[in-house]
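What follows is one structure encoded as C-alpha cells, with my remarks underneath.
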Amino acid sequence: MLSFFLRNLDMKKEFIGKIEQIEKISSDAFKMVILSDLQSVKCGQFISILCENKTLRRPFSIADFEKEANQSLTTILFKIKGQATNYLKSLKIGDSVDFLAPLGNGFEIDNKKALLIGAGIGIAPMLFLKKELNKRNIENYLITGFKSRQEVIKGSDRTIIGGTVLDYIEEEIKNQKPQTVYCCAPTVVLKGVDNITRKHNLKTYLALEKVMACSIGVCRGCVIKLIKDKKIANYSVCKDGPVFLGGEIIWE
Amino acid sequence: MGIENLKTTLKNEKTGNSLILKTPLIGASGTWGYNVEYQDYVDYKYLGAISTKGITLEERLGNVGERIFEVFGGLINRIGLENVGIEAFISDKLPILKENNIDFLLNIAGNTIEDYEKLALIAQTNNIKALEVNVSCPNVKKGCLEFGLNPESLYFLISKIRKVYEGFLIIKLSPNTQDIKSLATAVESAGADCISAINTLRGLGVKIDYINNKFYKKTVQGGLSGTCIKPVALYMVNQISSAVKIPVMAIGGISKLSDLFEFMAVGASAFQIGTANFSNPSVIEDLAIELSEFMQKNNYKTFDDLKKDIKNG
C-alpha cells in the first residue's frame with residue numbers, strides 16, 4: 001500500500017533546473033530548454049513553473065525531452081500572454097527555474113497510424129509525440145493551424161495559416177486514414193475535433209488546458225466533467241488529465 | 001537536527017481538552033486534499049496536522065464554470081465545497097491517514113444544523129481526535145456562512161455539536177463580519193476548544209480584454225486568499241485572541257518565518273498554511289526547518305517559550 005515514508009530522491013517532483021537555451025521561435029513564442037535532474041517523462045505530460053510575483057505556477061506541455069547522463073534536457077514552448085510568460089522571456093541562459101514535474105497522465109501510444117492536430121502553441125506536445133512515434137516507427141501526420149505566417153512554429157507536415165485548422169480535419173482523415181487522433185489546442189478546436197472524430201468513430205486523445213492552482217489534483221480548481229459508464233463525475237485537468245478521451249468530455 | 005522542539009499542545013483550560021501537535025504547522029483545508037497527496041513534495045513528519053478538504057454529508061461536485069482567478073498576491077476561488085462526502089471519507093480516506101500516522105483535523109460543512117450534528121456524531125463514533133467546523137465558506141448558496149456570521153445562531157450550532165462530539169473542537173471563523181469579537185466569544189462560551197481564523201474574504205476578480213474593437217468581460221466571485229489577506233488575518237487574530245482564552249490557529253497569507261512571528265505576536269498558538277502551498281508545495285517542510293533552527297540558534301527550548309517571548313516583545 002501507500003508507504004510514503006520510503007519516499008526517496010527518485011520520487012522527488014520539485015526541481016531547480018538551469019536554462020540551457022532560450023530563443024524566439026516565432027513572432028510571439030519562445031523555446032526554453034532546461035537542464036535538471038528530472039529522470040523521465042511521458043509525451044503529453046507537463047511541467048509547472050514558478051514565476052516571479054505570481055501566486056500560481058504556470059503549466060507548460062513538454063515539447064521535447066532528452067536524457068543526458070544522470071541529468072536531462074526538458075524543452076517547453078511558450079507564447080507571450082502576460083506577466084508570467086514575460087518573466088520567462090526575461091530569463092537568460094544559466095538562470096535557474098523552479099518547476100514541478102512530471103505532471104499529469106500523458107498520451108497513450110497505440111501502435112496505429114496517428115493524426116496529430118495542434119493549434120497555436122498547442123503544437124508543443126505534438127512535436128514531442130511526433131518524435132516519439134517516429135522513434136517507434138508508428139506512421140503519423142501532424143497538421144497545425146496558426147493565426148498568421150509570423151506566428152508559425154515549425155515542425156508540422158502541414159501548416160494552415162489563418163482560418164481554423166478544424167476546416168481541414170475531415171480532409172486529412174480521408175487522406176491519411178488514421179486510426180488514432182491526438183489534439184492539443186484551444187477549447188473551441190478540441191471540441192470541434194471531438195465532434196468530427198466521434199462521427200468517424202476514431203479513438204481520440206485530447207490534451208486540455210485550464211487555470212490550475214495546486215497542479216497535483218487536490219484543490220479541485222481545474223476540474224472538468226466527464227461521462228464514463230453513464231456516470232458524470234469531476235476530473236482534474238492537472239492530475240487525471242491533461243489528456244482525456246474523446247467522447248467522454250462534457251463541454252461547458 | 002531534529003524538530004522535537006516544535007512540539008506543542010493546544011489546550012482549552014476550561015474543558016481540559018487538548019490537541020498535541022508535533023509541529024504548530026498545519027496544512028489548511030482545501031489545499032491539502034484528504035491524506036497523502038503531497039507525498040512527492042513534503043515529508044509529513046514536518047506537519048503538525050492536515051486539515052482535510054471540507055467534508056459534507058453527501059458527495060458534492062462543487063461549482064460549475066471557472067473556479068480560480070489569480071490576483072496580485074493571491075487568488076480567488078469558488079470551488080464550492082467539492083468533496084467525496086463523509087461516507088467515502090470514512091471508508092476510503094481515513095484508513096490511509098491512519099496507516100500513515102498522519103494527524104488531521106476533520107473539516108466539516110453543512111447546510112443545516114442537523115447536517116453538522118450528524119457529521120459531528122460520525123466523527124465521534126469514528127474516534128476522530130479533532131474536528132474543524134467550517135461556518136465560513138463564502139462559496140455555497142445554503143448554510144455554512146449563514147451560521148458563522150451571527151453570534152446567537154453560531155452559539156446554538158456549536159452547543160449542538162458539543163453535545164455529540166467530545167474531541168478537540170475547532171471553529172473556523174469568517175472575516176466577512178463587522179464583529180469578530182462577539183463571534184469569538186459565542187464560540188468560546190458554547191464550549192469549543194479552539195478558533196481557527198480566517199477563512200477567505202469575499203472577493204471579485206474582473207478581467208477585461210479588448211480584442212478587435214470589442215470589450216470582453218470575465219468575472220469570478222469567490223473567496224480571496226494568499227499573502228494579500230495577511231493584514232486582515234493579523235487584525236482578526238488579534239481581535240479574537242484578545243476576546244477569548246481558548247487557543248487560536250492563524251490562517252491567512254502565511255508563507256515565511258516572519259509571518260509566523262507576526263501571528264505569534266498577536267496571540268496565535270498554531271498556524272495553517274494554504275495558498276502558499278500552490279507556489280511552494282514544500283513550504284511547510286521549509287518553515288518547520290527554519291523555525292526549528294531559529295529556536296536552536298537562539299536557545300529556545302520549546303515553542304511555548306518562543307511564543308511567550310514574541311507575545312511580550
**Message:** Residues to consider are B:K217, B:K307; find the one that is over 24 Å from B:A130 (Cβ atoms), away from chain A (no Cβ under 14 Å) and basic (K, R).
**Reply:** B:K217
**Asked** Does any residue in the range B:174-203 that is touching a residue at least 24 places away in the same chain (Cβ under 8 Å) come within less than 6 Å, Cβ to Cβ, of a residue that is among the basic types (K, R) and in a helix (DSSP H, G or I) six or more places away or on a different chain, and which pairs are these?
**Response** B:G191/B:R162
**Asked** Taking the stated definitions as given, is B:V133 of a type in the set (V, I, T), within 14 Å of chain A (Cβ to nearest Cβ) and within 25 Å of B:I273 (Cβ to Cβ)?
**Response** no
**Prompt:** Does the range B:104-123 hold any residues that are among the acidic types (D, E) and touching a residue at least 40 places away in the same chain (Cβ under 8 Å), and which are they?
**Reply:** B:D115, B:E117
**Request:** Looking at (1) in a helix (DSSP H, G or I); (2) within 14 Å of chain A (Cβ to nearest Cβ); (3) within 17 Å of the chain's Cα centre (by Cα), find the lone condition where B:L224 falls short.
**Result:** (1)
**Asked** In the range B:89-104, which residue that is β-branched (V, I, T) and within 14 Å of chain A (Cβ to nearest Cβ) is surrounded by the fewest Cβ atoms within 10 Å (Cβ to Cβ)?
**Response** B:I96
**Request:** Using the structure shown, decide if B:S241 is touching a Pro at 6+ places or on another chain (Cβ under 9 Å) and open to solvent by 10 Å² or more (accessible area, probe 1.4 Å).
**Result:** yes
**Asked** Looking at (1) in a loop (DSSP other than H, G, I, E, B); (2) within 14 Å of another protein chain (Cβ to nearest Cβ), which is the only condition B:I246 fails?
**Response** (2)
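Matching residues to (1) hydroxyl-bearing (S, T, Y); (2) in contact (Cβ under 8 Å) with a residue 60 or more places away in the chain; (3) within 14 Å of chain B (Cβ to nearest Cβ); (4) surrounded by fewer than 20 Cβ atoms within 10 Å (Cβ to Cβ):
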{"site": "A:I160", "(1), (2), (3), (4)": "no, no, no, yes"}
{"site": "A:V165", "(1), (2), (3), (4)": "no, no, no, no"}
{"site": "A:E171", "(1), (2), (3), (4)": "no, no, no, yes"}
{"site": "A:C184", "(1), (2), (3), (4)": "no, yes, no, no"}
{"site": "A:V193", "(1), (2), (3), (4)": "no, yes, no, no"}
**Request:** Could you tell me which residue of the range B:22-35 is nearest to B:L97 (Cα to Cα), considering only residues that are buried (at least 22 other Cβ atoms within 10 Å of the Cβ) and more than 14 Å from every other protein chain (Cβ to nearest Cβ)?
**Result:** B:I26
**Fill in**
Of the listed residues (A:L50, A:L56), the one being open to solvent by 30 Å² or more (accessible area, probe 1.4 Å), within 13 Å of chain B (Cβ to nearest Cβ) and of a type in the set (A, V, I, L, M) is A:L50
**Among residues of the range B:248-261, those that are open to solvent by 10 Å² or more (accessible area, probe 1.4 Å), closer than 16 Å to B:K311 by Cα and not polar (S, T, N, Q), counted** = 2
**Unmet requirement for B:A190, which otherwise passes all of (1) touching a strand residue (DSSP E or B) at 6+ places or on another chain (Cβ under 6 Å); (2) closer than 22 Å to B:K11 by Cα; (3) of a type in the set (A, V, I, L, M)** = (1)
**Message:** Can you find, within the range A:214-240, the residue that is farthest from the other protein chains (Cβ to nearest Cβ) among those that are assigned to a strand (DSSP E or B) and not β-branched (V, I, T)?
**Reply:** A:K228
**Item:** One residue from B:V133, B:V140 being crowded, with 17+ Cβ neighbours inside 10 Å, within 20 Å of the chain's Cα centre (by Cα) and modelled with pLDDT under 95
**Value:** B:V140
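Conditions tested, residue by residue: (1) within 15 Å of the chain's Cα centre (by Cα); (2) surrounded by fewer than 24 Cβ atoms within 10 Å (Cβ to Cβ).
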position	(1), (2)
A:L91	no, yes
A:D98	no, yes
A:F107	yes, no
A:K112	no, yes
A:A124	yes, no
A:K130	yes, yes
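The values are calculated or read from the model by the stated rules, or taken from the named source; none is laboratory data. From a predicted model like this one, the values you see are computed outputs, not experimental measurements. Neighbour counts are summed over all protein chains in view; Cβ atoms, including those assigned to glycine, are modelled from backbone coordinates with ideal geometry. The protein model used for the area step is the full one, side chains on, heavy atoms only, and it has no ligands, DNA or RNA in it. Shrake-Rupley method; radii C 1.70, N 1.55, O 1.52, S 1.80 Å.
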